[in-house]
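To keep things clear, I will list the structure first and then write my remarks on it.
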Amino acid sequence: MPVQLRQVAVIRDSARRETVVLEADGVYYIKGTTGYLQFEEENELGRVKTTVKIAPEEVVVIRSGAVEMRQTFRRRQELPGHYQTAFGRWAMAAKTDAIEFHYDDKRKRGRLFLSYELVLQNERSGRHTLTLTFKGV
């Protein structure tokens with residue numbers, strides 16, 4: 001199903017807070033018990049395709065193109081991932097506090113919320129929240 005989506009990422013460390021908002025058109029579909037949200041964005045590095053796989057117990061974010069990234073999120077677990085651009089590859093990990101997902105099939109609307117602590121190259125890089133809202137068009 002074609003969707004309009006809004007992604008709000010908030011990054012907090014001890015002294016600062018940064019908010020990044022992205023609006024894009026994408027696609028949402030369900031296979032079995034897993035939902036998939038796909039969209040593309042253009043950033044300073046080039047075009048990036050993102051797939052968010054939403055399963056009952058975990059969320060996986062996969063990015064390809066100018067940025068290659070894969071990160072799995074599971075409540076109360078710290079899981080490894082990676083982030084790669086033309087400038088290099090970095091090991092990362094996410095310690096997830098919260099995963100909340102709701103999809104209203106009748107209204108064709110969904111919301112995914114993630115809260116996690118990010119570790120990049122073995123350095124804590126702050127508390128992150130990611131909220132993805134989408135609606136059918």
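Any idea which residue in the range 1-52 is farthest from the chain's Cα centre (by Cα), counting only those that are among the acidic types (D, E) and modelled with pLDDT of 95 or more? Can you show your working first?
Restricting attention to the range 1-52, the residues satisfying the condition of being among the acidic types (D, E) are 13, 18, 23, 25, 40-42, 44.
If we keep only those that are modelled with pLDDT of 95 or more as well, we get 23, 25, 40.
Numbers: E23: 13, D25: 15, E40: 13 Å.
Ranking the qualifying residues of the range 1-52, first place goes to D25.
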- What are the residue pairs meeting all of these: first residue in the range 81-110, first residue over 21 Å from Y36 (Cβ atoms), second residue among the β-branched types (V, I, T) and assigned to a loop (DSSP other than H, G, I, E, B), Cβ atoms under 7 Å, and 6 or more apart or on different chains? T85/V67
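Out of G110, G126, which single residue is assigned to a strand (DSSP E or B), touching a Lys or Arg at 6+ places or on another chain (Cβ under 6 Å) and of a type in the set (G, A, S)? Even if it seems obvious, please write down each step before you answer.
Details: G110 fails: touching a Lys or Arg at 6+ places or on another chain (Cβ under 6 Å).
One residue alone meets the criteria, G126.
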- Within the range 56-69, restricting to residues that are under 21 Å from G110 (Cβ atoms) and surrounded by 15 or more Cβ atoms within 10 Å (Cβ to Cβ), the one that is nearest to the chain's Cα centre (by Cα) is V61
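Take the residues in the range 100-114 that are within 13 Å of the chain's Cα centre (by Cα) and surrounded by 18 or more Cβ atoms within 10 Å (Cβ to Cβ); name whichever of them is farthest from P80 (Cα to Cα). Please lay out each step first, then the result.
Initially, the range 100-114 is screened for residues within 13 Å of the chain's Cα centre (by Cα), giving 100-101, 111-114.
Cutting the leftovers down to surrounded by 18 or more Cβ atoms within 10 Å (Cβ to Cβ) gives us 112, 114.
Working: L112: 21, L114: 16 Å.
Restricting to residues being within 13 Å of the chain's Cα centre (by Cα) and surrounded by 18 or more Cβ atoms within 10 Å (Cβ to Cβ), the top hit is L112.
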- Scanning the range 15-43 for residues that are farther than 25 Å from D105 by Cα and either without any contact (Cβ under 8 Å) to a residue 12 or more places away in the chain or touching a Cys at 6+ places or on another chain (Cβ under 9 Å) (or both) gives A15, R16, R17, E18, T19, E42
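Quick one: in the range 1-45, of everything that is basic (K, R) and not in a loop (DSSP other than H, G, I, E, B), which residue is surrounded by the fewest Cβ atoms within 10 Å (Cβ to Cβ)?
Looking only at the range 1-45, we keep the residues that are basic (K, R), and these are 6, 12, 16-17, 31.
Now restrict to residues that are not in a loop (DSSP other than H, G, I, E, B): 6, 12, 17, 31.
Numbers: R6: 14, R12: 13, R17: 10, K31: 8.
Across the range 1-45, the extreme among qualifying residues is K31.
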- Query: Among the residues of the range 46-60, which ones are assigned to a strand (DSSP E or B) and free of Cβ contacts under 8 Å to residues at least 60 places away in the same chain?
  - Reply: G46, R47, V48, K49, T50, T51, K53, I54, V59, V60
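The values are calculated or read from the model by the stated rules, or taken from the named source; none is laboratory data. The shown structure was predicted, so the numbers you read here are calculated from the model rather than taken from an experiment. Positions of Cβ are generated from backbone atoms using ideal geometry, with glycine treated the same way; all protein chains shown enter the neighbour counts.
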